[in-house]
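Before any comments, here is the structure.
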Amino acid sequence: MNDSPGWASPGSAPDGEDSGTTRQPEPSDRARASSQWSQNQPPAGQWSPPAAGPGQGSPPPPPGAPRPQQGGWGPPPAPGGNWNSGWGRPPAAKPGVIPLRPLGVGEILDGAVSTMRAHWRTVLGLTLTVAVITQIANTLVQRYLMPDPPDIDPNATGSEALDQAVDSMRSSLVALLPVAVLALIGTLFVTAVLTVVISRSVLGRPVTLREAWTEARPRLAPLLGLLLLLPLMAGAIFAVGILPGALIGSAGGAALAALGGLAAAVVAVWLMIQFSLAAPALMLERQGLTQSLRRSAKLVRGSWWRVFGITLLTLLLTFIVSMIIEIPFTVIGTVVDDGGASSLFTGGAGDLGWPFLIITGIGAVIGSAITYPISAGVAALLYIDQRIRREALDLDLARAANLPGYETSGS
């Protein structure tokens, strides 16, 4: 075991169990134990019998015997502890922000938030820097490079209305392209560094921004390739679905294009969830682009709906948090800059005033600084959770965290 974020080789199977078995007491031994036990009964009112009745299951283990833990054998309870207090389901070890066992949805979200609290200097230092730089660039793009939308005739019908819809879509895509590129660059740095931070926080280890950046920097190039490949893949799927209807160019073609777009959306969402764990696999296992995609598909297989639900919930939460933060700044911006407000509602992006852009930009920076860590944290912790469920990664994490009772267990 080493200190690298991957903790274990990809696809590692759970460690083998101890081949030794506990000797069952002979009948004579049981008789002697029963006679001795009756002479040392605890005082009345202090005895809590196990869940099983007489003759069912095994008696409480003697003092000094190892206590069973989920995922392995742990140390006996502290002096004065009660064997029966946690006999049904002992608590899992928790060296860092998550317990080392399969996680629930709430624990994944709580782990992401706990990482922000535990490493707030590193997390906020990174997210604020990235958010400020990307928002300044985005503001300049909106002020000087954003094209005005084409004029739409509400009375147009037939092919003319279809042509106007195509022109409007093309204009929207051109306007969103610079914003998407800036968001991609910001996501690249945030995902790379925060994945390393989360991998350390799971083990309960401190990490500085410099250390996280040093460890993440060699993986930026393949991560950039992954972040470019996924949207290009989704765009190609949409193009294939819409193209037949667009080539027909009639009312029937529009219906066919809508149907093809709906089918393409289903396929694209399925693929995006299949590959949603590729970024953590690429960073923590130091795999190549193709291998990380295969790794993600392997981890998601059989758990697609669970991964989809957690991912969708995270998107909704981050969207709600962003709206709660950004809407007041947008309202303030419209009050301060009447010209910016009118331009916003009429669609003239090039006429947005500086006061409006600056105020709304501040809100966007604050929102991004909060939502970036949540999105990256959920993705990394979901990856760790899937490996715990499939590959007993909790044992490797416990050894990496130097927990008592795990130093020499397994190999």
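The values are calculated or read from the model by the stated rules, or taken from the named source; none is laboratory data. Please read all numbers here as calculations on a predicted model, not as lab measurements. Methodologically, a virtual Cβ is constructed for each residue, glycine included, from the backbone with ideal geometry; neighbour enumeration extends over all protein chains shown.
Values computed for the structure shown
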{"read-out": "Residue check for residue 271: in contact with a helix residue (DSSP H, G or I) (Cβ under 9 Å, 6 or more places away or on another chain), of a type in the set (A, V, I, L, M) and surrounded by fewer than 19 Cβ atoms within 10 Å (Cβ to Cβ)", "value": "yes"}
{"read-out": "Test: residue 193 is at pLDDT 90 or above, buried (at least 16 other Cβ atoms within 10 Å of the Cβ) and among the aliphatic types (A, V, I, L, M)", "value": "yes"}
{"read-out": "Test result for residue 174, modelled with pLDDT of 80 or more, hydrophobic (A, V, I, L, M, F, W, C) and part of a helix (DSSP H, G or I)", "value": "no"}
{"read-out": "Failed item, numbered, when residue 163 is tested on (1) surrounded by fewer than 16 Cβ atoms within 10 Å (Cβ to Cβ); (2) modelled with pLDDT under 90; (3) assigned to a loop (DSSP other than H, G, I, E, B); (4) of a type outside the set (Lys, Arg)", "value": "(3)"}
{"read-out": "Those residues of the stretch 87-107 which are among the β-branched types (Val, Ile, Thr) and crowded, with 22+ Cβ neighbours inside 10 Å, in sequence order", "value": "97, 98"}
{"read-out": "Residue 328, sole failed condition from (1) over 19 Å from residue 230 (Cα atoms); (2) modelled with pLDDT under 90", "value": "(2)"}
{"read-out": "Hey, residue 266 without any contact (Cβ under 8 Å) to a residue 24 or more places away in the chain and out of contact with any strand residue (DSSP E or B) (no Cβ under 8 Å at 6 or more places or on another chain) or not", "value": "yes"}
{"read-out": "Subset of the stretch 226-259 (residues that are free of Cβ contacts under 8 Å to residues at least 24 places away in the same chain and on the phi > 0 side of the Ramachandran plot)", "value": "none"}
{"read-out": "Residue check, residue 97 modelled with pLDDT of 90 or more and either over 30 Å from residue 391 (Cα atoms) or in contact with a helix residue (DSSP H, G or I) (Cβ under 9 Å, 6 or more places away or on another chain) (or both)", "value": "yes"}
{"read-out": "Test: residue 60 is assigned to a loop (DSSP other than H, G, I, E, B), touching a Phe, Trp or Tyr at 6+ places or on another chain (Cβ under 6 Å), loosely packed, with under 15 Cβ neighbours inside 10 Å and at pLDDT below 65", "value": "yes"}
{"read-out": "Residue tally, condition free of Cβ contacts under 8 Å to residues at least 24 places away in the same chain and either of a type in the set (Lys, Arg) or within 13 Å of residue 271 (Cα to Cα) (or both), over the stretch 204-216", "value": "1"}
{"read-out": "Close pairs (7 angstrom Cβ cut-off, 6 or more residues apart or separate chains): under 17 Å from residue 118 (Cβ atoms) and in contact (Cβ under 8 Å) with a residue 40 or more places away in the chain in the stretch 93-105, of a type in the set (Ser, Thr, Tyr) and surrounded by 22 or more Cβ atoms within 10 Å (Cβ to Cβ) anywhere", "value": "96/201; 97/115; 97/201"}
